[in-house]
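Worksheet for the structure shown next.
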Amino acid sequence: MGAGAAGAATFGLGACGDDYFSPATKHDKDAPNTLLLITDSTRFDYIHRFNPIGRNKTPNIDALSRDSLTFSLAVPEAMPTGPARRAFLTGVRSFPYRNYVPTTGLPVGPGWIPIPDTYPIVTEVLGEAGIETAYCTDNPFLIGPRFANFRATVDRIKPSFSQGSYRFLNKPFKHPAPRSMIERYLLPALSDTVEVGRLRAMVGWNSINRLHDDQYPTARVVRSAMSLLDNHLKHERPFFLGVDSFDPHEPFDAPKVYQQAQGAPKGIEKTQGIIPIQPFETPYSWVVHVDLDDETIERVRELYAAEVSYADAWIGRLMNKLADLKLLDETVIYYMSDHGITLGEQGVMGKDGARAQWPIYHVPAMIRHPEGKLAGQYSDYFASNHDAAPTLLSFMGIRAPGQMQGEDLSVLFDGRDPPARPHFTACYDDYVLAGDRDWFFISDSEGRLKRLYDKRKDPLETNDVAAEHPDLVDKYWKVLSDEAGGTLPQFAASGAKPVIGG
């Protein structure tokens, strides 16, 4: 007994000594670096390589796509920003929001919860395997109090509090601009809405802290990443780096040179001098309710395109930095957006769960292999955001926790196929989405209003044909119910929309 106790004591001391700081798991000795690159609210059709007749140029994302395997039918499994980030970072599906509980400090609505304590977090798994981790972001939710558990898992976290309109979510800004300074941005129809306070915070912050083009939020995020690469990560390989830009999110206020490149002022900007950088009341408005004429809608689209082009320019700088440090050919890059945005289509401006159609769910996604494998090729696999964590772990030779539900897409670069995914399923607020290469289906989670679109004949999804194809409506409803575990959750009709059944 005495010897056994002594042995146990010795073992315990050893566990509390050097071994305590040793990696709990291992990574491959020749593991590449990994870079998770995210841009918010980025539409597939505003990337020039995917839409050559589009309105803007994105030479750097285009170049990244030419060097990557590009997923032409990528769909986030849960939207908008908060739920999408949770899937990126944990590899666990948020669909169908069955665990939603209204949470102070986060927006009201299904999906808006922190990362549960029981979920794996990719940066924690990487850290346990001895990988140096870093994350740069201006996402106002990730740098707020509800995602502190994620930030605690990162070795080097670089938050940027530069999204003035959203400082109330993390670090409230105490010097808002006077009302007179925002009139040039404020649509008359929004003069008595929450957007007044948001614009005052944004203009106030910008007037103090955003004096040059390289002080815009995207630039701050990328400059932080480049600084980390220069001063730390190039010496600590293999590493994981997250570069997560909240832009091109609204307000659409890119530097003037990018706005001017889209054309002369038109619509309300030309007639009243109002630049429509915030063209809806968050999260969305009907076009008729904010009095947007066709010329103003066109100008909004141009301002959004300017935001995308500005983000693209800084992505180019990031790629150049990797190349200058001779890291580009040692690094896997996984790029994807969390969702898109509706810019007048279906009569909506913004993000409405009931109209979460192709401008919302179809996003750019690509993986660049450091050895150039599958460069310039396309895959029609329904890649999603919850695939990011297990894929990046696999590239580094780290086994993904069993709780992660995404697929390992690294197998594609070895000539193998991931498990079949013949359709996608997703959710936005209390609406559920399903589709494949031929059809798109959307419904509220109670199934009261089911809509179906023939994507071959109607790629813009303007003609609901549910009444003509009841068998297909039943098919996709069953797909959604089955993937939700047999039933879909029911949410209260108003207020915070808590789960009340299902």
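The values are calculated or read from the model by the stated rules, or taken from the named source; none is laboratory data. Given the structure is predicted, the values throughout are model-derived calculations rather than measurements. In this analysis, Cβ positions are derived from the backbone assuming ideal geometry, glycine residues included, and neighbour counts consider all displayed protein chains. The accessibility values were calculated without ligands, DNA or RNA, using every heavy atom of the protein model including side chains. Shrake-Rupley method; radii C 1.70, N 1.55, O 1.52, S 1.80 Å.
Observations
- For the range 409-429, a residue qualifies if it is in a loop (DSSP other than H, G, I, E, B) and either surrounded by fewer than 19 Cβ atoms within 10 Å (Cβ to Cβ) or within 19 Å of the chain's Cα centre (by Cα) (or both), and the qualifying residues are Gly415, Arg416, Asp417, Pro418, Pro419, Ala420, Arg421, Pro422, Asp429.
- Counted residues, the range 324-373 - those being under 30 Å from His232 (Cβ atoms) and open to solvent by 10 Å² or more (accessible area, probe 1.4 Å): 12
- Within the range 144-200, the set of residues being open to solvent by 40 Å² or more (accessible area, probe 1.4 Å), closer than 19 Å to Asp244 by Cα and not hydrophobic (A, V, I, L, M, F, W, C) comprises Pro145, Arg146, Asn149, Arg151, Asp155, Arg156, Lys158, Pro159, Lys171.
- Some residue of the range 220-241 being open to solvent by less than 60 Å² (accessible area, probe 1.4 Å), in contact (Cβ under 8 Å) with a residue 60 or more places away in the chain and closer than 21 Å to Glu269 by Cβ: no
- Counting the residues of the range 374-393 that are surrounded by 18 or more Cβ atoms within 10 Å (Cβ to Cβ) and either over 16 Å from the mean Cα position of the chain (by Cα) or under 20 Å from Ile442 (Cα atoms) (or both) gives 11.
- Some residue of the range 261-272 being under 20 Å from Leu169 (Cβ atoms) and either open to solvent by 10 Å² or more (accessible area, probe 1.4 Å) or in contact with a helix residue (DSSP H, G or I) (Cβ under 9 Å, 6 or more places away or on another chain) (or both): no
- Ala225 hydrophobic (A, V, I, L, M, F, W, C), under 30 Å from Leu322 (Cβ atoms), out of contact with any Asp or Glu (no Cβ under 9 Å at 6 or more places or on another chain) and at pLDDT 95 or above: yes
- So Tyr453, is it at pLDDT 95 or above, in a loop (DSSP other than H, G, I, E, B), surrounded by 16 or more Cβ atoms within 10 Å (Cβ to Cβ) and of a type in the set (Ser, Thr, Tyr): no
- Answer from Val479, Val465 - the residue that is touching a helix residue (DSSP H, G or I) at 6+ places or on another chain (Cβ under 9 Å) and either over 23 Å from Phe95 (Cα atoms) or not acidic (Asp, Glu) (or both): Val465
- Entry remark, the range 276-307: residues being open to solvent by less than 20 Å² (accessible area, probe 1.4 Å) and not in a helix (DSSP H, G or I) number 7 in total.
- Complete set of residues in the range 39-93 that are outside any helix (DSSP H, G or I) and under 22 Å from Ala219 (Cα atoms): Thr39, Asp40, Ser41, Thr42, Arg43, Ile47, His48, Asn56, Lys57, Thr58
- Members of the range 476-502 found to be surrounded by 15 or more Cβ atoms within 10 Å (Cβ to Cβ), farther than 14 Å from Val432 by Cα and without any contact (Cβ under 8 Å) to a residue 12 or more places away in the chain, listed by number: none
- The sole residue among Tyr304, Tyr310, Tyr284 that is more than 20 Å from Pro80 (Cβ to Cβ), in contact (Cβ under 8 Å) with a residue 12 or more places away in the chain and of a type in the set (Phe, Trp, Tyr) is Tyr310.
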